[in-house]
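Here is the structure we will look at.
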Amino acid sequence: MRFDDLLVPEDDYPSGPCESRREWLLTYSRGVSVDVIASWCRVTPARVRRAVEKQIRHSPSWFDQCLRIHDQPADLREKFNRPTREGLWWKHYNDVAAHVSAHGMLPSQNHGDHARVLYRWIEAQRRQNDAGNLTHDKLEALDRLGSWQGVRRGRPDEHWTRRLTELCLFHRSHGRLPMYDPVRRPEERLLAVWLIRQRTWERKGRLRLDRRHRLPAALPDWMPATPTTK
């Protein structure tokens, strides 16, 4: 049999898309890019990319065996190597600990751009601590940095109680809750923002347990009812 006998007339070639995902993955593993595979198989690049990403999630070792003729595998691998939120927290903590070890003090916002980023992270942890959202292991780690809580402006618990009292007085006087309307009701903006923040924390499950009990006890309608889906 000659090689020419294996050739098929152009009109006899299948015109539809090639739906074989195994063929897509095999071709990709040999170093062919997603766009080229999509062109050869007459499908969209998004479909090929989803198949490749699914394979990487299912078998990360498969990616290590792919040829690196093009740069596409590296881009996809970085997507699946993104650190988790927990990993990012400890990375930032280690950066702060390294700063404390090198300078003997916590970062300050006036000591350069890098120190300013670390300072803002410490400030974020102070707010998380005020809301009761830091776990025990993170609190222990932060305590090893020294006086990381710093000098807080006022007392957070007293400030929260004062806002709740002001909210109750407003409700008693107006018969409604404050509305966020800086143009027509600028005097209500402060209490409205505070109330919105409490609702947001409650929806995210981040509102402290004691505050979760105090708010409905003081104002039963502080949280709007969730509409029923029909």
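For the reader, a short list of remarks on this structure follows.
- Contour minus Cα-Cα distance for Ala102 and Leu177 (0.36 nm per residue): 21.9 nm
- Put a dot 7 Å past the Cα of Asp137, heading toward its Cβ, do the same for Arg184, and the two dots end up 5.1 nm apart.
- Rg to Rh quotient for the stretch 87-218, alpha carbon positions, Kirkwood Rh: 1.07
- Gained length - Asp157 relative to Arg206, 0.36 nm times residue gap less alpha-carbon distance: 16.1 nm
- Applying 0.36 nm per residue to the separation of Thr44 and Ser29 and subtracting their alpha-carbon distance, the gain on full extension is 3.6 nm.
- Label-point separation, Gln109 to Met223 (7 Å along Cα→Cβ), nm: 3.3 nm
Coordinate-derived values only; no laboratory data. Owing to the predicted nature of the structure, the values given are computational and were not obtained by experimental measurement. All Cβ positions, even for glycine, are placed from backbone atoms using ideal geometry, and neighbour counts span all protein chains on display.
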